[in-house]
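Before any comments, here is the structure.
The values are calculated or read from the model by the stated rules, or taken from the named source; none is laboratory data. Fair warning: this is a prediction, and the values are worked out from it, not measured in the lab. Neighbour counts are summed over all protein chains in view; Cβ atoms, including those assigned to glycine, are modelled from backbone coordinates with ideal geometry. All accessible areas refer to the heavy atoms of the entire protein, side chains included, with ligands and DNA or RNA removed. Shrake-Rupley method; radii C 1.70, N 1.55, O 1.52, S 1.80 Å.
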Amino acid sequence: MESREFIDELNKVQDLLSREKYSEAIALLENLKGIEKQANFNYNLTHKLYQLDSNALSLYNQQKILNLITRISQQQNSITFTELQKKLKEIENIALDETILRREIEILILRELLSCNIEGNKLFF
């Protein structure tokens, strides 16, 4: 694959992310990572690829976490990070370290997509 084609594919990923099509973006990124390993692209393209990969995965996780918290908050007014981590794995099939889970929730709060309080190891809705 030529650099120009690779750039076009990276732009497609950005478009998918802007349209919140995270699963599609992640699938395309996996393909591009395979191509990148066999090619000799410059550092900037490789850096952009892995930056997009990290962002896509984070946004995907945030979307799943937000959906799960929305459902949980309709039934209870708080949950521990440990309980949330367990439910996330059971329901969404996503295994995140508690520190990453906390960071993703903090980002959701900063993005004003989630309104809750964190006190110690517990979320209050």
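Using θ = phi - 60° in the Karplus curve 6.51 cos²θ - 1.76 cosθ + 1.60, the 3J(HN,Hα) couplings for the stretch 53-63 round to 4, 5, 5, 4, 5, 5, 5, 4, 4, 4, 4 Hz; x is entered for Gly and Pro.
Quote the relative contact order of the chain in percent (integer), defining contacts as alpha-carbon pairs under 8 Å separated by 6+ residues.
Details: 91 pairs, mean separation 26.6, N = 125.
Relative contact order of the chain: 21 percent.
Among the trypsin sites (Lys or Arg not before Pro) found in the stretch 1-48, those both in a DSSP coil and sparsely packed, with 13 or fewer other Cβ atoms within 10 Å of their Cβ, are R19.
Taking every pair of alpha-carbon atoms in the chain, give the share separated by more than 20 Å as a whole percent.
Details: 3828 of 7750 pairs.
Of all Cα-Cα pairs in the chain, 49 percent lie more than 20 Å apart.
Database remark: amide H of L123 closer than 5 angstrom to the amide H of I79, T80, F81 (H placed geometrically; neighbours at sequence offset of 5 or more, or on other chains; Pro and chain starts carry no H). Applying the Karplus relation 6.51 cos²θ - 1.76 cosθ + 1.60 with θ = phi - 60° to the stretch 79-88 yields 3J(HN,Hα) values of 7, 7, 4, 4, 5, 5, 4, 5, 5, 4 Hz, where x marks Gly and Pro.
Simple spin-label estimate for I107 and D8 gives 3.0 nm between the two label positions (7 Å along the Cα-to-Cβ direction from each Cα).
Let me have the relative contact order for the stretch 62-109, percent, based on Cα pairs under 8 Å that are six or more residues apart. Before the final figure, lay out each step's value.
Values: 21 pairs, mean separation 21.2, N = 48.
Answer for the stretch 62-109 is 44 percent.
Quantify, in whole percent, the carbon and sulfur part of the accessible surface of the chain (1.4 Å probe; protein heavy atoms only).
Details: 3500 of 7750 Å².
Within the chain, the accessible surface is 45 percent carbon and sulfur.
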